[in-house]
1. Here are the criteria: (1) touching a helix residue (DSSP H, G or I) at 6+ places or on another chain (Cβ under 9 Å); (2) on the phi < 0 side of the Ramachandran plot; (3) not in a helix (DSSP H, G or I). Tell me which single one I68 does not satisfy.
2. Within the stretch 47-65, can you find the residues that are in contact (Cβ under 8 Å) with a residue 40 or more places away in the chain and part of a loop (DSSP other than H, G, I, E, B)?
3. Which of the residues spanning the stretch 48-86 are small (G, A, S) and closer than 16 Å to G16 by Cβ?
4. With respect to G30, is the statement that it is surrounded by fewer than 11 Cβ atoms within 10 Å (Cβ to Cβ), in contact with a helix residue (DSSP H, G or I) (Cβ under 6 Å, 6 or more places away or on another chain) and at pLDDT below 95 true?
5. Restricting to the stretch 16-36, name every residue that is in a loop (DSSP other than H, G, I, E, B) and either in contact (Cβ under 8 Å) with a residue 60 or more places away in the chain or more than 16 Å from L70 (Cβ to Cβ) (or both).
Amino acid sequence: MKWTILLIAIGLEVSGTVLLKISNGGQKLGLILTPLMLYCSSLWFLSIVLKYMRMNVAYAIWSGLGLILLTFIQSLFFKEQLTFQKLFSVL
């Protein structure tokens, strides 16, 4: 159950970050408020996970998996090149 909650937290955080990218530098107010709600929800789910998992493990997975997902989302949907240097940096 704790892994499912952690994956939900990661999905919410990644979704919020993607919406920030789509907001075009904050020019679309709705796309700024929604990421804030997603980030708050993500942190709430992360706080639940911390009752059952060590903080350093949960945070490392939350931030690391989020970074990996965003790297591939950026490449697929925003057509940014996935260079060796970027992949190496992610690793």
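1. Of (1) touching a helix residue (DSSP H, G or I) at 6+ places or on another chain (Cβ under 9 Å); (2) on the phi < 0 side of the Ramachandran plot; (3) not in a helix (DSSP H, G or I), only one is false for I68: (3).
2. Initial filter on the stretch 47-65 (in contact (Cβ under 8 Å) with a residue 40 or more places away in the chain): 48-49, 52-53, 58, 61-62, 65.
Y52, M53, listed by residue number.
3. First, pick out the residues of the stretch 48-86 that are small (G, A, S): 58, 60, 63-64, 66, 75.
S63, G66, listed by residue number.
4. Working: surrounded by fewer than 11 Cβ atoms within 10 Å (Cβ to Cβ): yes; in contact with a helix residue (DSSP H, G or I) (Cβ under 6 Å, 6 or more places away or on another chain): no; at pLDDT below 95: yes.
No, not satisfied.
5. N24, G25, G26, Q27, K28, L29
The values are calculated or read from the model by the stated rules, or taken from the named source; none is laboratory data. Everything numeric here is computed off the predicted structure, so don't read it as measured data. Glycine gets a Cβ as well: all are built from the backbone with ideal geometry, and neighbour counts include every protein chain shown.
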